[in-house]
Amino acid sequence: MKLSKRLSGLSHLSSALVESSLPANISYFWNFGSILGICLVIQIASGVVLAMHYTPHVDLAFISVEHIMRDVNLGWLIRYSHANGASFFFMFVYVHIARGLYFGSYTKPRVFVWSIGVIIFLIMMGTAFLGYVLPWGQMSFWAATVITNMLSAIPWIGQDFVQFVWGGFSVDNATLNRFFSLHYLLPFLLAGLVIMHILALHKHGSNNPMGFESHMDKTRLHDLFTVKDIHGFILFFLLFSFFVFFYPNVMGHPDNYIPANPLVTPAHIVPEWYFLPFYAILRSIPSKLGGVIAMIGAILILLALPFLHTAWVRSATFRPIHKFLFWIFVGNFLILGYLGGAPMEAPYTIVGVYSTVFYFSYFLIINPLVGIFENVMILLFSFRKRIKC
Amino acid sequence: MSVRLGLLALSGPALYATVSSAKKMENSDALHAPHYPWHFNKPLGTFDHAALRRGFEVYKQVCASCHGLSRVAFRNLVGVTHTAAEAKMLAEEIEFQDGPDENGDMFMRPGKLSDYFPEPYANENAARAANNGAYPPDLSLMTKARHNGSDYLFALLMGYCEPPGGVEIRDGLHYNPYFPGGAIGMARQLFDDMIEYDDGTPATSSQMAKDVTEFLSWAAEPEMTERKLMGLRAMVLMTFAAAATWYIKRHRWTVIKNRKVVYNPMMKN
């Protein structure tokens, strides 16, 4: 008997991966999903090898990372792949999400796919943060201190909860150990969610640049999209190799090559570049609890997006106003990223407030209103046409 | 499509600006080191091994009395700055504590290739006591642990000067515009002809600063040459693979790309 018949889940997955068909008109922007799959594979594979040589102890973690870099055969390649792999994972996930925003991939019937995606993004951020702590450099330690301290903003139980997370009264060995454990656990949760993401997508098929129902013009996944995806992988590896081999530390912070020292605070504590837009939102709200809520809300608001979508038309291809505002949103997001790394002084703080307000109003006000406006325009034009006939 | 591509192209520099802005904001009170044309910082640049050997000499004779190089072992020098026999002799010059022996006592023995460079002080407190309260940092990762590390290091070593008017420097500190805060515990260390190079290169202070910067860049990234060589191979391989897969993709897709979609309305009313 065929293996796929004995394992029904396997046949679902294989049909999603091999036998399914996809809209013929999807562009290279639809390659990012499969490339993100490759990113997850790179991270898990390199991570498992790194864990064989890493020691999660405050006195040894930094030294063990240097041991990997200097003494383990090709250890530098494995570690640089893992560190840059995280950056690339985020770079590509941002494009992947932006593609969904632009072409309305979050609308019915793909709300569930989108929702799983948002959860994946959240867990990814958690995993990346936990992993950044492990080398136990200055930025690791202080980022861990700053980020875990955000939990103390929870009313009533805040301080107790932070100490529960730390396993002590400060970020210390217990914290490092549990972060290592969770950093090893979460990627497998991610892998499970990714499989769910693919299976849920398979139910209705991919969206496409035109935004029409995906059964209108379908082509087979294998071989057409297999060769296209492989071409995407190669281009990804070309870019990835450029950073891993020639500029491996460009996306990192030099302070993380200084061993963690709880007695010396770095001049500026900045998170990894991929957290900067959300860090800017956190800092734009004057109250601690408000900032934390805004930062988490900035991600969770994506879950509400399908329900805030008022336009009858799905894709930005046929929505000129939405198209324009989408790029304004992207620009605003990059500005937030810039502000996240800027010091807390004029004019950065006030720009940060405006950018944060725009970020939320884009989802809550602008997007729904533009949709309604576009619907009215469609009605008006179709009405005029009917009169002419 | 072209608008989209244009904006995508714009987002690259914007992303770079985002990343680099986070870095430029650091240590805004210190003077930025100029960009020097380090050959080893170029994408395909390698280390000059004669300079590495001179740089080791500078480290050993000038820096090592206060700064450790704890991540470098004598075996790492073999084939880089010294031959195996020379590195062995260097190691044997130093006595290391080993043990316990069969009686449970610690004993001293000459160094071996597998030994790491000795620490100049027993612990941080001893280092601070000997240096007016300042703690000379370990140099193993120095060029990676500072923004534009090699530029910074060279500029710092050569940057000692009289403090400008109005700047008070406490006793025991020294003015250096490249150091965050401007006041550094370390005095100027490099002076013309203070050491003699094996290979007869004139030991000017800038020559020594350049050589020791190169040596410490190697100490921070000993894998650099291997990495870049492998990177070159990867890039060439991937470029050919990209061309091949692009051709195959186009070939397979011709059928789809050359379709003609015709709309035939059943009836006109």
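The values are calculated or read from the model by the stated rules, or taken from the named source; none is laboratory data. Computed from a prediction, not measured in an experiment: that's the story for all the values here. Every residue, glycine among them, receives a Cβ derived from its backbone with ideal geometry; neighbour counts consider all protein chains shown.
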> Which of the residues belonging to the range A:11-58 are outside any helix (DSSP H, G or I) and over 20 Å from A:Leu130 (Cβ atoms)?
Replying inline: A:Ser20, A:Ser21, A:Leu22, A:Pro23, A:Ala24, A:Asn25, A:Ile26, A:Ser27
>> Within the range B:217-262, take every residue that is at the interface with another protein chain (Cβ under 9 Å from one of its Cβ atoms) and not in a helix (DSSP H, G or I) and give me the one that is farthest from B:Ser70 (Cα to Cα).
In response: B:Val261
>> For the list (1) modelled with pLDDT under 95; (2) away from chain B (no Cβ under 14 Å), I need the number of the one condition that A:Ser315 fails.
In response: (2)
> If we scan the range A:374-383, do we find a residue that is within 14 Å of chain B (Cβ to nearest Cβ), of a type outside the set (Gly, Ala, Ser) and either surrounded by 16 or more Cβ atoms within 10 Å (Cβ to Cβ) or farther than 30 Å from A:Val113 by Cα (or both)?
Replying inline: no
>> Against the conditions (1) part of a helix (DSSP H, G or I); (2) at the interface with chain A (Cβ under 8 Å from one of its Cβ atoms), where does B:Ala209 fall short? Just the number, please.
In response: (2)
> What number of residues within the range B:176-196 are closer than 24 Å to B:Ala129 by Cβ and more than 12 Å from every other protein chain (Cβ to nearest Cβ)?
Replying inline: 9
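In this structure, is A:Ile281 touching a helix residue (DSSP H, G or I) at 6+ places or on another chain (Cβ under 8 Å) and either farther than 30 Å from A:Val376 by Cβ or of a type outside the set (A, V, I, L, M) (or both)?
In short, yes.
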>> Against the conditions (1) more than 15 Å from the chain's Cα centre (by Cα); (2) aliphatic (A, V, I, L, M); (3) crowded, with 22+ Cβ neighbours inside 10 Å; (4) within 14 Å of another protein chain (Cβ to nearest Cβ), where does B:Leu157 fall short? Just the number, please.
In response: (4)
>> Considering only residues that are surrounded by 22 or more Cβ atoms within 10 Å (Cβ to Cβ) and in contact with a Leu (Cβ under 8 Å, 6 or more places away or on another chain), which ones fall in the range B:123-145?
In response: B:Leu139, B:Ser140, B:Met142, B:Thr143
>> Among the residues that make up the range A:28-47, is at least one of them away from every other protein chain (no Cβ under 14 Å), farther than 30 Å from A:Leu224 by Cβ and crowded, with 18+ Cβ neighbours inside 10 Å?
In response: yes
> Of all residues in the range A:188-245, which are within 11 Å of chain B (Cβ to nearest Cβ) and touching an Asp or Glu at 6+ places or on another chain (Cβ under 9 Å)?
Replying inline: A:Arg220, A:His222
>> I need the full set of residues from the range A:310-324 which are farther than 19 Å from A:Leu364 by Cβ and either of a type in the set (D, E, K, R) or part of a loop (DSSP other than H, G, I, E, B) (or both), in order please.
In response: A:Trp312, A:Val313, A:Arg314, A:Ser315, A:Lys323
>> Checking A:Tyr106 against (1) more than 14 Å from chain B (Cβ to nearest Cβ); (2) crowded, with 21+ Cβ neighbours inside 10 Å; (3) of a type outside the set (Gly, Ala, Ser); (4) part of a helix (DSSP H, G or I), only one condition comes out false. Which one?
In response: (4)
>> Cβ-Cβ distance below 6 Å, separation of 6 or more or different chains: which pairs start in the range B:73-87 with a residue that is among the charged types (D, E, K, R) and end on one that is surrounded by 13 or more Cβ atoms within 10 Å (Cβ to Cβ) and not in a helix (DSSP H, G or I)?
In response: B:Arg75/B:Leu113
>> Tally up the residues in the range A:131-181 that are more than 17 Å from A:Leu60 (Cβ to Cβ), touching a residue at least 12 places away in the same chain (Cβ under 8 Å) and aromatic (Phe, Trp, Tyr), please.
In response: 3
